[in-house]
Structures are given as C-alpha cells and as structure tokens.
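Only one structure is covered here, and it is reproduced in the block below.
Taken together, the values in this text are just the output of simple stated rules run on the coordinates, not laboratory data. None of these values were measured; they are calculated from a predicted model.
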Amino acid sequence: MTHAIPPALHDTSHDTAPTERHVRILDAAEIVFARSGFDRATMNEVALEAGMSPGNLYRYFASKDAIVEAITERDRTEITRDFASLSMASGPLLDQLERIGRRHLVEKPHHKAVLAMQIWAEAARNPALATLCASIEAMVLGGLSTAIAQAREAGELPADLDEEAFLLALSMMSDGFMTRRAADPHFDLATMTTTLFTSMRGLAQVLRKPPAGQVTP
C-alpha cells in the first residue's frame, strides 16, 4: 500500500540551492554563535570566521537575526528530506529512525548541539524564529506519525502502540540528549547513544494503548 507524503514533507529539491558563499557564511556563523552566543557575537566575528570583509557579509545577510533564520531554515530543509525518505521499502522503520537520529544527534559536530540550545533560547524572544522552530517540530512529528502508521500496518510495530506517548517520548529523549551533549563536559557520547536508541526500541514495544474501556491512572 502506498502512502502519500503529507504537505510538510514534500520534496524540497526544487528549492534554490545555496551558493558556496552562503554555505561558508552559515558554517562560520554556527561556530561563532556556539562559541560566543547570539547576544555577544558580532557580524564582524562572523565575517572574520568566514574569511571575508564585514561589508561583503552584509551583501548576503542584513543582520544576525537573518543569519539565524537561514541556519534554522537550512536545518529544516535537511531534516525534511531525511523524513521524506522514510519508506518501508528501505528496511525496518526503527533502523531508519536510528540512522536519522545518529546523523542529526550524534554525527554532527559538538557545536551543533550548543547552537541548538542557543536557537531554542532565542526562539523564546523572537516570534519569527519561534514559528520556524514550531514548523520543524510539526514536520518531524508529521513524518514520524506517517511512518509509524506504515510500520504498524506492516506488523513491525504493535498494532496497539500508543503513538502519542511514543512520539512524546522520542521528542523528550532527543531534546534531552542534545541538551546534555551541549552542556555536560563529561558527556559519554558512545554510551549515551546506545542508551538512547535502545530505549527507543524498547518503548516501541511497551507503550501500548489501554484496552477499550480501561481508564489509565
């Protein structure tokens, strides 16, 4: 049975590809923002990290806010493409989710975890960024929901899986992983990674909906 990809997961390959200069600026800005924080970082620092003059930088981005939104949009595009690729034809869903999780939570450099904390904090003050972050969260949950429905139909996941609880648990675990990775200088990446994905697989089997008529505590 085929499943249509929800609107939030339509392929974005038609989007305008960023230029090499844009990529260099955003990569440099990620390092600067993670190192100095949004408030203290300056456009001059970003220009220096990117190897260009401040005047040239302003030709591409008018402000730090514009750079932050571009970084977040770049992440949204990458995550969208990953979740759009989920398919039962590509193997067990939980294996695919682990590969995506490793790509975004584990294999990215440490400063990406620090930057995520910075973006979440900035979103509390910046309505436009908050809206963009919320759209990413909705896209992820939408992609997971569609994939979980396919896995349940295929018999990979329990038919009575409590999808809402499972999605909430995945969200909290991934957020906690990123926070600990960013803030804990003694974070054991290998151990925590194993714990995260072992827990994901375990919860997929035990988070069941109560029988009809049974009231949960």
Taking Cα pairs closer than 8 Å and at least 6 residues apart, the relative contact order of region 37-127 in percent is 25 percent
Partner aspartates and glutamates whose C-alpha sits under 15 Å from that of Lys64, ignoring same-chain residues fewer than 8 away, are Asp27, Glu30, Asp39, Glu45, Glu49, Glu73, Glu122
Phi-derived 3J(HN,Hα) across region 149-155 with the Karplus relation (6.51, -1.76, 1.60, θ = phi - 60°), rounded Hz, x for Gly and Pro, is 4, 5, 5, 5, 4, 7, x
Checked against the structure, the computed Cα extents along the principal axes in Å among [x] 65, 42, 30; [y] 66, 45, 27; [z] 58, 43, 35 is the one labelled [x]
For Arg208, other-chain or 5+-apart residues with amide H closer than 5 Å (H placed, Pro excluded) are Asp162
Length-normalised contact order of region 121-217, Cα under 8 Å, at least 6 apart, in percent, tallies to 28 percent
The helix 189-206 Cα axis meets the longest alpha-carbon principal axis of the chain at an angle in degrees, between 0 and 90 and rounded to 10, of 30 degrees
Here region 93-100 yields Karplus 3J(HN,Hα) values (6.51, -1.76, 1.60; θ = phi - 60°; whole Hz; Gly and Pro given as x) of 4, 5, 5, 5, 5, 5, 4, 5
When the chain is treated as a Gaussian network with springs between alpha carbons less than 10 Å apart, the largest mean-square fluctuation among Glu137, Glu20, Glu163 is found at Glu20
For the chain the mean separation of alpha carbon contacts under 8 Å (6+ apart) over residue count, i.e. relative contact order in percent, is 23 percent
